[in-house]
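All remarks here apply to the structure that follows.
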Amino acid sequence: MKGILVIISAPSGAGKSTIIRQILGNDPNCRFAISHTTRQPRAGEKDGVDYYFVGRDEFQSMVANDRFAEWAVVHSNFYGTSLAEVERLSSQGIDVVFEVDYQGGRALMRRFPDAASIFVLPPSMAEVKRRLTDRGTDDAETIEMRLQNARIEIATAGEYRYIVVNDDLDRAVSQVGDVIRVERLRSINRAAMIRDLVAEKV
Ligand code: 5GP
């Protein structure tokens, strides 16, 4: 049995990571596709858990060898989802959650047209600014840049199958859960079951 694929994108400050953490905690059949990245690990991040942290040479050689389902440059670092990671999870019947930027979202939607895609919108740009400011990790100029990038990301939201607005975290988590539950019921995701029933000898 193959698991379903769920692409989730959102601008920074929309609360995407918190939503995904809760979804994965609530639903044992969902796992996060661990991306490769060339950026340095942040405090507390673990290799093989948050990301596979690799050097630029290794990343480039994976690109040259067609090892990625998609890859992109985000904030001057390389990020990519390897085909091996998708296969590792989906072949076990596990539902794979991709957390990617809009470039990754577009590429994955093209490669896997049956994948569910969800864009998480912030309730307002003022709220994004507040969240970025409260985080206390960026200066005013960086916050301005992140806000501008957020607008570019949000402009692509209509390309996704579902939109979840994160004005209330519990509701947003439950809506993403609803999407996953509904997507599991799509006939395209039941093909193996249909085949087995037709072939079953009684
Ligand atoms: P961060 O460095 O803060 O963990 O992630 C920065 C951005 O890169 C986020 O928008 C995140 O969704 C995106 N990202 C993480 N992994 C991937 C990936 O494998 N592919 C793409 N295209 N974007 C990714």
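The orientation-averaged projection of the convex hull spanning the C-alpha atoms of the stretch 57-190 amounts to 9.8 square nanometres. In summary, the convex hull built on the alpha carbon positions of the stretch 34-92 has an orientation-averaged projected area of 4.2 nm².
Think of a 1.4 Å ball rolled over the protein heavy atoms: the chain then has 55 Å² of accessible area per residue.
Among the GluC sites (Glu not before Pro) in the stretch 1-87, those placed in a DSSP loop whose Cβ has at most 16 other Cβ atoms within 10 Å are E45.
Cα axis of helix 102-111 to longest principal axis of the chain: angle in degrees, 0 to 90, nearest 10? With rounding to tens, the tilt is 20 degrees.
Dividing the summed -39500 (n - 2.57) terms of all DSSP H runs of n ≥ 4 by the residue count of the chain sets its mean residue ellipticity at 222 nm at -13500 deg cm²/dmol.
Rolling a 1.4 angstrom probe over the chain with all protein chains present gives an accessible area of which 52% lies on carbon and sulfur atoms. Both radii come from the Cα set of the stretch 1-64: Rg as radius of gyration, Rh as Kirkwood radius; their ratio Rg/Rh reads 1.01.
Diagonalising the gyration tensor over the Cα atoms of the stretch 1-125 and scaling each eigenvalue by 5 before taking the square root yields semi-axes of 21, 19, 15 Å, largest first.
The values are calculated or read from the model by the stated rules, or taken from the named source; none is laboratory data. The structure displayed is predicted, hence computed values, not measured ones. Cβ atoms come from the backbone with ideal geometry, glycine included; neighbour counts cover every protein chain shown. The area values use the complete protein model at the heavy-atom level, side chains included, leaving out ligands, DNA and RNA. Shrake-Rupley method; radii C 1.70, N 1.55, O 1.52, S 1.80 Å.
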